[in-house]
Amino acid sequence: MKCRWVLLFIVLAVFIFNESICSAELATGASYYEKALQEIKAGNYKEALAQVQNALAQSPGELEFQYVLGVIYFNLGRLDESEGIFLVLAAQDEAGFRKVWFDLAHIAKKRGRGLEAIDFLEKARPVDPERADLEIGVTYLELKDYQKAVDTLGKVQSDRPEIRFQARVYEASALSKQKKWNEAIKVLESLLKTPLTAKENDQVESLISALRAGERNDKRWHISGLVGFMYDTNLLMNPVSSAGLQMPSNQADTAQVSSITGRYDLIRSDPWVFGAGYNHYNLTYFNHPTESVVAASPVFYGYWNNPPYWAGIQYVYSHFWAGGASKADVHSLYPTFQFDAGPSWRTQVMGWAAWRDFYDTTPDDQLYGAGIIQYYMMRNGLANLRAGVLWGVDYTAPADAGSFYNTQFTAGFQWPVWKDKWFLDVTGFYNLRDFRYDPLFYSDISRTDHEKDLYVSLRGVVSDNMQVMFMFLRAWNDSNITLIEHGGPYEPFTYGRSIFSCMLTFEY
């Protein structure tokens with residue numbers, strides 16, 4: 001009898017010991033698993049992979065560990081391995097792992113199989129119907145089936161703030177794709193009546209402004225303009241004008257500025273648009289009326305818009321009056337090409353050609369140029385860093401009237417400084433102007449100018465159709481020309497100039 005009790009004790013001890021070992025192994029696996037989750041949260045998927053593999057080495061039968069392994073493989077781009085794990089989990093324990101249908105839908109979308117993704121999301125509906133409808137609606141939006149996207153997203157009436165917010169934003173996006181601007185705006189305005197974070201509230205207000213701008217752009221006709229005042233500290237100084245030969249006068253004056261532009265899209269056949277317009281410009285100095293300028297400019301334009309590409313060309317004929325008399329006729333062409341490489345990078349290539357015929361003794365000339373500017377976009381396109389270079393040449397007629405080459409380097413940035421409604425823009429220019437021949441000087445004198453410009457603007461939204469803009473321009477021109485006149489040496493093309501302006505702009 002005593003032996004039986006001893007034997008039973010030994011068996012129980014061995015059993016408890018083995019259970020303790022298993023529990024210890026499981027505890028060790030759980031520890032690795034928790035570390036894997038921490039690495040996933042930090043976005044360190046390679047480190048997470050090592051941790052979950054250690055967890056599975058301790059507890060190979062733990063299905064949740066296998067699920068996390070599938071999630072990690074997905075984020076590492078190992079889609080086949082991820083898909084295999086999720087399919088096995090669905091086969092082994094469909095009731096407990098219906099969530100894998102969401103993951104399989106994400107894999108299908110990664111492979112560009114939107115309809116297959118929708119089938120998986122339908123299977124995931126019992127797990128989370130609201131999330132399933134949200135993701136199905138987003139998938140229809142990506143497939144450009146906008147009506148089905150609207151119908152599906154409209155069904156999402158969730159108490160969860162994150163689901164409700166995304167559903168309404170995507171629903172407004174789908175409506176805007178159908179050009180239903182007012183309905184899209186109403187959806188977002190209803191969202192503003194719900195509890196939102198300050199960031200979400202600003203985002204919705206920005207989207208509403210963008211929709212109203214899209215509604216305006218969708219119209220065939222457009223009217224825009226500006227009105228304001230400008231103060232110029234040195235208005236007679238112009239490095240490419242013979243007037244610069246006078247002694248630097250630092251004559252300042254205030255001017256009234258106004259411009260009105262109307263245009264109409266004559267032909268619209270997506271992605272092509274062709275149209276015509278007219279611009280009238282007026283610059284009136286209070287104390288120097290002879291420097292005032294009026295311009296009348298008919299415009300013809302055409303462009304091709306097929307994101308991420310945009311290409312267009314514009315022809316402008318302008319007649320200028322200066323000091324109340326006809327000054328010049330100018331014919332101009334402006335080709336432009338733009339390419340967006342993802343949400344962050346934008347490349348803009350531009351060119352120009354202009355033929356100027358003057359009514360006075362100013363030599364006629366031809367201007368040609370090209371340039372490229374690279375943008376790095378931030379904050380959903382509201383901010384950017386940019387840099388570029390532009391080349392130009394001015395040929396006069398007759399050829400001995402003087403011509404020059406122009407190389408300009410530019411860099412700048414734009415940044416929202418208040419509620420994504422006020423923007424600061426700072427741009428710097430360095431301009432190297434090389435005169436091939438200048439008839440104002442002896443043929444053995446080679447003239448070179450170095451011009452540096454700083455442009456700063458602050459603009460803000462007054463209403464959906466209006467903005468106010470404050471601008472400052474400071475220019476420094478440094479030339480190698482020195483003349484001995486007016487009682488001593490002076491440098492006619494070396495001077496500074498500042499321009500301050502305040503403008504109210506509008507668009508309808």
Is it the case that region 241-248 has a residue that's outside any helix (DSSP H, G or I), under 27 Å from Pro298 (Cβ atoms) and modelled with pLDDT under 90?
yes
Look through Leu115, Leu69 and report the one residue that is surrounded by 16 or more Cβ atoms within 10 Å (Cβ to Cβ) and either part of a helix (DSSP H, G or I) or modelled with pLDDT under 90 (or both).
Leu69
Report whether or not Glu171 is of a type in the set (Asp, Glu) and under 25 Å from the mean Cα position of the chain (by Cα).
yes
Hey, could you check region 385-412 for residues that are surrounded by fewer than 19 Cβ atoms within 10 Å (Cβ to Cβ) and closer than 18 Å to Thr362 by Cα and say which is modelled with the highest pLDDT?
Val393
Being surrounded by 15 or more Cβ atoms within 10 Å (Cβ to Cβ) and of a type outside the set (Asp, Glu) is true for just one of Gly323, Gly302. Which residue is that?
Gly302
Return the residues of region 76-87 that are of a type outside the set (S, T, N, Q) and either within 21 Å of Ala48 (Cα to Cα) or outside the structural domain of Gln53 (by TED's automatic domain parsing) (or both); say none if nothing qualifies.
Leu76, Gly77, Arg78, Leu79, Asp80, Glu81, Glu83, Gly84, Ile85, Phe86
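With the structure loaded, tell me whether Tyr301 is under 24 Å from Met230 (Cα atoms) and of a type in the set (Ser, Thr, Tyr) or whether it fails that test. So that I can check it myself, show each step before the final result.
Working: under 24 Å from Met230 (Cα atoms): no; of a type in the set (Ser, Thr, Tyr): yes.
For Tyr301, the condition - under 24 Å from Met230 (Cα atoms) and of a type in the set (Ser, Thr, Tyr) - is not met.
Quick grid of which residues meet (1) closer than 24 Å to Phe413 by Cβ; (2) surrounded by 17 or more Cβ atoms within 10 Å (Cβ to Cβ); (3) at pLDDT below 95; (4) in the same structural domain as Ala295 (by TED's automatic domain parsing):
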| site | (1), (2), (3), (4) |
| --- | --- |
| Gln338 | yes, yes, no, yes |
| Trp345 | yes, no, no, yes |
| Trp355 | no, no, no, yes |
| Asp360 | no, no, yes, yes |
| Asp365 | no, yes, yes, yes |
| Tyr368 | no, no, no, yes |
| Tyr375 | yes, yes, no, yes |
| Arg379 | yes, no, yes, yes |
Among strands (runs of 3 or more DSSP E) completely within region 433-508, the ones holding 2 or more residues that are β-branched (Val, Ile, Thr), at pLDDT 90 or above and under 22 Å from the mean Cα position of the chain (by Cα) are none
Go through region 247-280 and give me each residue that's among the hydroxyl-bearing types (Ser, Thr, Tyr), free of Cβ contacts under 8 Å to residues at least 40 places away in the same chain and over 14 Å from Met230 (Cα atoms).
Ser249, Thr261, Ser269, Tyr278
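Every residue, every condition in (1) under 17 Å from Ala210 (Cβ atoms); (2) in a loop (DSSP other than H, G, I, E, B); (3) outside the structural domain of Arg131 (by TED's automatic domain parsing), yes or no:
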residue: Leu141; (1), (2), (3): yes, no, no
residue: Lys148; (1), (2), (3): no, no, no
residue: Thr152; (1), (2), (3): no, no, no
residue: Ser158; (1), (2), (3): no, yes, no
residue: Arg168; (1), (2), (3): yes, no, no
residue: Ala174; (1), (2), (3): yes, no, no
residue: Lys179; (1), (2), (3): yes, yes, no
residue: Asn182; (1), (2), (3): yes, no, no
residue: Glu189; (1), (2), (3): yes, no, no
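Table: residues versus (1) outside any loop (DSSP other than H, G, I, E, B); (2) assigned by TED's automatic domain parsing to the domain that holds Lys109; (3) buried (at least 20 other Cβ atoms within 10 Å of the Cβ); (4) not hydroxyl-bearing (Ser, Thr, Tyr).
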{"site": "Glu47", "(1), (2), (3), (4)": "yes, yes, no, yes"}
{"site": "Gln53", "(1), (2), (3), (4)": "yes, yes, no, yes"}
{"site": "Gly61", "(1), (2), (3), (4)": "no, yes, no, yes"}
{"site": "Phe74", "(1), (2), (3), (4)": "yes, yes, yes, yes"}
Go through (1) within 21 Å of the chain's Cα centre (by Cα); (2) modelled with pLDDT under 85; (3) of a type in the set (Lys, Arg); (4) crowded, with 17+ Cβ neighbours inside 10 Å one by one and return the number of the condition Lys419 breaks.
(4)
Only one of (1) modelled with pLDDT of 90 or more; (2) under 29 Å from the mean Cα position of the chain (by Cα) is not met by Tyr231, so which one is it?
(2)
Can you find a residue that is more than 23 Å from Phe506 (Cβ to Cβ) and in contact with a Pro (Cβ under 8 Å, 6 or more places away or on another chain) anywhere in region 263-274?
no
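Suppose we filter Ala90, Ala105, Ala95 for residues that are among the hydrophobic types (A, V, I, L, M, F, W, C), assigned to a loop (DSSP other than H, G, I, E, B), in the same structural domain as Lys46 (by TED's automatic domain parsing) and over 19 Å from Lys46 (Cβ atoms); which single one remains?
On the way: Ala90 fails: assigned to a loop (DSSP other than H, G, I, E, B); Ala105 fails: assigned to a loop (DSSP other than H, G, I, E, B).
Result of the check over Ala90, Ala105, Ala95: Ala95.
Looking at Ala48, Ala105, which is the one that is touching a Leu at 6+ places or on another chain (Cβ under 9 Å), within 23 Å of Val138 (Cβ to Cβ) and among the hydrophobic types (A, V, I, L, M, F, W, C)?
On the way: Ala48 fails: within 23 Å of Val138 (Cβ to Cβ).
After ruling out the rest, the residue left standing is Ala105.
Name the residues in region 15-45 that are closer than 14 Å to Glu62 by Cα and either surrounded by 15 or more Cβ atoms within 10 Å (Cβ to Cβ) or at pLDDT below 80 (or both), would you? Lay out the reasoning, then the answer.
Here is the first cut: in region 15-45, the residues closer than 14 Å to Glu62 by Cα are 22-23, 25-34.
Residues satisfying the conditions are Cys22, Ser23, Glu25, Leu26, Ala27, Thr28, Gly29, Ala30, Tyr32, Tyr33.
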List the number of the failed condition for Gly392; all other conditions in (1) of a type in the set (Gly, Ala, Ser); (2) part of a strand (DSSP E or B); (3) under 19 Å from Ser457 (Cα atoms) hold.
(3)
Filtering region 191-231 down to residues that are in contact (Cβ under 8 Å) with a residue 40 or more places away in the chain and not in a helix (DSSP H, G or I) yields Arg220, Trp221, His222, Ile223, Ser224, Gly225, Leu226, Val227, Gly228, Phe229, Met230, Tyr231
Could you check region 196-219 and list, in sequence order, the residues that are surrounded by fewer than 13 Cβ atoms within 10 Å (Cβ to Cβ) and either in the same structural domain as Pro307 (by TED's automatic domain parsing) or modelled with pLDDT under 90 (or both)?
Ala198, Lys199, Asn217, Asp218, Lys219
Being in a strand (DSSP E or B) and touching a helix residue (DSSP H, G or I) at 6+ places or on another chain (Cβ under 9 Å) is the requirement here; does Asp365 meet it?
yes
Any chance region 398-407 includes a residue that's of a type in the set (A, V, I, L, M), over 20 Å from Asp329 (Cβ atoms) and part of a loop (DSSP other than H, G, I, E, B)?
no
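The values are calculated or read from the model by the stated rules, or taken from the named source; none is laboratory data. Not measured: the values here are computed from a predicted model. Quick reminder, even Gly has a Cβ in these numbers, built from the backbone with ideal geometry, and neighbours come from all protein chains shown.
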